[in-house]
1. Taking into account only those residues within segment 27-42 that are surrounded by fewer than 14 Cβ atoms within 10 Å (Cβ to Cβ) and closer than 23 Å to Tyr4 by Cα, which is modelled with the highest pLDDT?
2. Restricting attention to segment 72-88, which residues are within 27 Å of Thr29 (Cα to Cα), among the aliphatic types (A, V, I, L, M) and either without any contact (Cβ under 8 Å) to a residue 12 or more places away in the chain or not in a loop (DSSP other than H, G, I, E, B) (or both)?
3. For segment 43-65, how many residues meet the condition of being modelled with pLDDT under 90 and closer than 16 Å to Arg82 by Cβ?
4. Of all residues in segment 84-94 being out of contact with any Gly (no Cβ under 8 Å at 6 or more places or on another chain) and surrounded by 11 or more Cβ atoms within 10 Å (Cβ to Cβ), which is farthest from Val41 (Cα to Cα)?
5. Go through segment 43-71 residue by residue and tally those that are assigned to a loop (DSSP other than H, G, I, E, B), over 17 Å from the mean Cα position of the chain (by Cα) and surrounded by 11 or more Cβ atoms within 10 Å (Cβ to Cβ).
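The values are calculated or read from the model by the stated rules, or taken from the named source; none is laboratory data. Remember, predicted model here, so these are calculated numbers, not experimental data. Ideal geometry is used to build each Cβ from the backbone, glycine not excepted, and the neighbour counts take in all protein chains shown.
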Amino acid sequence: MANYKPIAKTIGAASAASGIVLHAKISTTSWVLLLVRGTAVFSNTILRSGAVAIWTSGTPTTATPTYTTFTDANAIYGISTRAGVGLTIKFYSK
């Protein structure tokens, strides 16, 4: 089954009272979806209930993460992203 990423369409300011019909074509593009499921582990100890920050390739880890999720009680986390992009994944806990 194909996965589709919407393409953003921006419409400039228009008056709702103008009575003009504005036509705008919208579209989508196909992309390969990657599902990442992981377990946070350190020295054979699972890391429960922590934050997982994920950056896509080229984004410095000092910037806001591209994705943020959390591990559950079994230290499992998951995200969906576009395939073919490098990921940097870091785990944070208190």
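1. Step one: list which residues in segment 27-42 are surrounded by fewer than 14 Cβ atoms within 10 Å (Cβ to Cβ), which gives 27-30, 32, 35, 37, 39, 41-42.
Applying the additional criterion that residues be closer than 23 Å to Tyr4 by Cα yields 27-30, 32, 35, 37.
Details: Ser27: 78, Thr28: 75, Thr29: 76, Ser30: 75, Val32: 80, Leu35: 86, Arg37: 92.
The selected residue is Arg37.
2. Of the residues in segment 72-88, the ones within 27 Å of Thr29 (Cα to Cα) are 78-88.
From what's left, among the aliphatic types (A, V, I, L, M): 79, 83, 85, 87.
Those that are within 27 Å of Thr29 (Cα to Cα), among the aliphatic types (A, V, I, L, M) and either without any contact (Cβ under 8 Å) to a residue 12 or more places away in the chain or not in a loop (DSSP other than H, G, I, E, B) (or both): Ile79, Leu87.
3. The qualifying residues number 4.
4. Val85
5. Looking only at that region, the number is 4.
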